[in-house]
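K.L.:
Dropping the structure in here first, questions after.
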Amino acid sequence: MLQKKICMLGSFAVGKTSLVRRFVESIYSEVYQTTVGVKIDKKNVKVDEKEISLVLWDIYGEDDYQKMRWTYLRGASGYLLVADGTRKTTLEKAVSLEQKVREEVGAIPFVLVINKSDLIRDWELDPALESQLAAHGWGILRSSAKTGEGVEESFSLLTRKMLG
Amino acid sequence: MNMSDVLEKALVEMGFALLEHRGNGEFLPVAKLPGWFAEIWAEAADGSDPVPLSRQSPFLENFLLEAEDYWNSPGSTSCQSETWIEKSLSGREIPIQAKALFLDGKRILALFSPDAQFREQVKFLQIARNASLDHERLAREIQKKEILLHCIVHDLSQPLSVMHVAMDLLSEESISERSKQFLTLGKHASNQQETMIRQILQTFSDDLRASLDAGTEGNSSSDLLQCARKTMTSLGPTFEAKGVRLAVSSTVDPEGKWPVAAEESRLQRIFSNLLENALRYTPAGRRVTIGVEDEGDFLRAFVDDEGPGLPQDLRPEQIFGLFMKGKQSGGKAGLGLYFCRITVERWGGTIGCVSLPEKGSRFWFRLPRATGRTSASSPAALQTSNASSPKRIQASVRPLRILLADDQEDIRTLTAYQLKRSGHTVIIAKDGKQALRAFRSAYFDVVLLDQEMPEMTGDEVARAIRKTEEGKKKQVFLVASTGNTTSEDARRLKQAGFDDVLGKPFRLEDLNLILSASPAATSATKEPSTPSTLPGANFAELVARVGGDEKLLKRMIHTFLRDMPRRLVGIAAAIRQKDPERLASLAHALKGSVGIFAAEAACKHSQELQELGRSSELSKASEVLALLKEEIAKLQANLRGYANQTPARPKSNHVKRQRPPRNRGKRRR
C-alpha cells in the first residue's frame, strides 16, 4: 500500500492533536493538553479508488519553549498548516511557517486549516486576508475538531494534492 | 569486567534499552531490556533475533539517518533525539528518547523512557502555554472592554448631560404642578442612569487598571519606532505572503529616540491595526511604508499604502467610527480603527487619514512626547466637579468671559444658553482649532474645552494655550469637559495644563461650582462689599450669580425652601433604612442645591454625607445630618428674608403675566 507522511504544523493550542484524534479515532476532548515531543499515528484512506496509508506526524507547536526541528519534515509528502480562527496571531504564525518550510525542504503540498469553526462568533481573523491567501493559490479549509466539520475534507484535500 | 561492561550494566540499571545496530534498520539487544520496552515491542524483548525497529517506528526510522552519520564519524558531536511518544500494546503512551553511542566498535542505540522528567516537562509547558493563552485572551478582552467603556462614557453620557441641563432649565420655567411632577420623575430617572453609568465606569476602569498592572500603569512611555519595528517583524511574513513590501521610510533616523507617553502593548496593537488596514487595500507588488516624525512636543507616526486612497463618500473622521467597515476588502468587525482612535485620544493625541496626492492613503497619529515617568511627588490629581470639595464654593461669580468649545451642538447650545443667562459673555467654538483661534484673538477668564473634538483635542488646545502663556504672569483658567474621570485621566489632564475638570454628564450646579472656583470669580469676591454673616451669599451676589434675574432667583429660592423639608426627610430615611446608595445620591443632589446659594458649611456637611454613603459607612451619618440641618435652618432663614425683598427694578424685557397665586395660598394652608 502506498504510504504518505503528513506533518501537522502550527502554533501551540490551535488543535493539531485534536484534528488527528478526530480524524483517526473520531474522538474529541474539551480539555487542552499541550503536546510535548512528537506523536505519530496512522490511518488508511481511500482516495480515487487508491488505498493509501497516511502516517501523521503530530509535531508540538513551536513557541518560546520548544523550537521546531526541521528534520521532522524529512520524507514528508505534505503538511497541514493549522491556525486557530479565534487567535489571529496563529494565522500570522502559519504564514511564517509556510515560508520556513519552503526554505528548509522546498515547496511541498500543504493545506491551511483554520480550526475552531464551532467558535465562529469569537473569530478574529480578517476574512480579507483569508481570501487574499486563497487568491495566492493556498488551499484553505475551515474545520472544527469538536464537531468534525471539515476534518475529513482537510486530510482528503491534502491527500489529493500529494497524489498530484 | 571491563569499563564497557560496567557502563552497559549501569545503563541497564537506569532503565536504558541497549541495542546493537545490525544494518538495514535491524537491532539486536545487547543487554536485558527494561519492562517499558517489552510493552511496546514485545517480539523484540526475548532478544534472540534482530528486530526491524525502524520499520515499526517511523520516528526511529527518521532518527537513524542522523545516527548513521554519527556512527560513520563517531568523533562528531553526540547524537540524541528529542522526546517522542510510542503507544504500548495496551494503548499507554510512553515517552522515549534515543541516543546513538559507539562502544567497542559497536553501533549502539540507547533508548530511554524519561517518564518522570517528561511528566514534569509537560506540566511546566502546560502551565506556560495556558498562561500564554490567558494573556492573549486578556488582551482581546481589554480591547473589547476599552471600546465598551468608551461607548459608555461618551455615547451614553453625552445625551445625559443634555438631559440634565435641559431639565434644570425647564424646572426654572413657569410650568404647572403636574408638569413639575413629570419633570421630577424625569430627573430621578436620569439621576439613576447617571449613577449606573458612573458605577460601570468605575468598575471597568478599576478592572482594566488591575489587568494591566504589570508595569503598565501610570505614565508609561514607549519608543514609537521600536514599537513600529516589532509590529513589522510579526506581520512581515503576512505581507510577504501577499506580495506586499513593508518598509520603514528612508526619512526616518534609525538611531533616533522616539519616546511617547503610551503603553507599549496597546501601541503595538495600534500599529498592527493600521498595518492590517493598509495590507487590506494594497495590491500585490506594491509597498506599505511606515514612518515617524518629530513635531516638537508631539511625535507623529504614519502608515502609507499604495491602495486606491480613501473612499470619497466618507469623511476621514468617519473612517475611525465604531463598526465602520470599508465596502471593499472590509475588516471583520469595524473595531480596529475605532480602537486606534479612542486609545490615541485617551493618551492625549490625535489620529487621522488623508488620500496621498499620487496614489494611496496615509493613516497617521500623533502622541505627546514622553517626558519621563511621573514620580510620587507629581502634582496632585485633579478632582472632577461631580465630586467637588466644598472648598470650591465661593461667595459669588461675577460675570466672566468664557470660551466654550464642544463639538456636540446640543451641549454647546444649552451650556452657552445657561452661561449667558447667568450673565457671562460666551464665545463658542465647534472644534479645537476654532477654539485656539478664538483664544488668540480675545481675552477670556475661563476656557471650557471638551476633550474629544475634531481637528484638535482638548488636550492639544490646552497645551497650545499654555505654550502661548509662557512667561506671562496671568494664565487663563482652563477647564476640561470629559467623561473620562479616572485618577489616571485627571493626572493626564493636569499635565496637559488644565486647572479643573468638569465630569460628564454634568449639571448646571457642577458648572457653576467650577466657575466659582476660577481666579477671576474669586478675585471679585474679595472686593469690598457687605460681607454676609449668615450662611450663603448676600442677595446682591446671588442676583449676580443668576445673571441679574431677580425673578429667577426668587423662583429658585422658592423651590429650594419648598423642597428642603422633603429632601431632609429623605436623607434621614436613607440613614434609618441603611441605604448608603440612596444617601449618597440624595446628599449629592442637596450639595448641588446649597452650592447654588454658596452655603459653604451646608455644602461641606452634604459632601460628608455623600462620602459616608459612597463608603457605606453610616455610623456617623446621623451626627452629620444634625449639623447639616442646623446649617440648612440658618440658610432657610436667610433665604426667606431674600424672598420677601422687593425687586430692585423690573426688567422691561422680562415683564410677564403675573402668576396665579394658587401656590402661595396652598402653602399658607
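We did not get these values from a lab; they are worked out from the coordinates using the rules stated. Because the structure is predicted, anything quoted here is derived from the model rather than measured. Here the Cβ positions follow ideal geometry from the backbone for every residue, glycine too, while neighbour counts run over all protein chains shown.
K.L.:
Per the Kirkwood definition applied to all pairs of different Cα atoms, how many angstroms is the hydrodynamic radius of the stretch B:223-289?
P.N.:
In the stretch B:223-289 this quantity evaluates to 12.5 Å.
K.L.:
Peptide A:51-60: average number of partner chain Cβ atoms within 10 Å per residue?
P.N.:
Partner Cβ neighbours, averaged per residue: 1.
K.L.:
OK, next. Hey, what's the per residue convex hull volume over the C-alpha atoms of the stretch B:125-167, in cubic angstrom?
P.N.:
Convex hull of Cα atoms, per residue: 41 Å³.
K.L.:
Tell me, A:Val113, B:Val426, B:Val122 in order of fewest to most beta-carbon neighbours within 10 Å?
P.N.:
Exposure proxy ranking, most exposed first: B:Val122, B:Val426, A:Val113.
K.L.:
How crowded by other chains is B:234-244, given as the mean number of beta carbons from other chains within 10 Å of each beta carbon?
P.N.:
Rounded to a whole number, the mean comes out at 5.
K.L.:
Across peptide A:31-43, how many C-beta atoms of other chains are within 10 Å of each residue C-beta, on average?
P.N.:
6
K.L.:
Can I ask one more? Cβ under 9 Å from B:Arg369's Cβ, B:Arg369 left aside: what net charge do those residues give with Lys, Arg +1 and Asp, Glu -1?
P.N.:
With Lys, Arg at +1 and Asp, Glu at -1, the net is -3.
K.L.:
Going highest first, how would you order B:556-567, B:169-180, B:445-456 by mean Cβ packing within 10 Å?
P.N.:
Order by mean packing, descending: B:445-456, B:556-567, B:169-180.
K.L.:
Right, another one. Give me, ordered by chain and number, the residues 5 or more places off B:Gly309 or on other chains with an amide H under 5 Å from its own placed amide H.
P.N.:
Those lying under 5 Å, H to H, from B:Gly309 are B:Gly360, B:Ser361.
K.L.:
Give the Debye-formula value of log10 I(q)/I(0) at each listed q (0.11, 0.18, 0.27 Å⁻¹), with one equal scatterer per alpha carbon of the stretch B:58-129, two decimals each.
P.N.:
-0.35, -0.78, -1.17
K.L.:
Same structure, new question: Of the peptides A:124-130, B:432-438, how do they stack up when ordered by the mean number of other Cβ atoms within 10 Å, highest first?
P.N.:
In descending order of packing, they fall as B:432-438, A:124-130.
K.L.:
Given C-alpha coordinates of the stretch A:2-163, what is the ratio Rg to Rh with the Kirkwood estimate of Rh?
P.N.:
Rounded to two decimals, Rg/Rh equals 0.93.
K.L.:
Shifting gears a bit: Semi-axes of the stretch A:1-95's equivalent ellipsoid from the Cα gyration tensor, sqrt of 5 times each eigenvalue, largest first, rounded to whole Å?
P.N.:
23, 16, 12
K.L.:
Let me ask something additional. What ranking do A:98-105, B:80-87 get when scored by the average of other Cβ atoms within 10 Å per residue, highest first?
P.N.:
In decreasing order of mean packing, A:98-105, B:80-87 become B:80-87, A:98-105.
K.L.:
Follow-up. Once the cut-off is 25 Å, how many percent of the Cα-Cα pairs in the stretch B:3-113 end up in the long-distance tail?
P.N.:
13 percent
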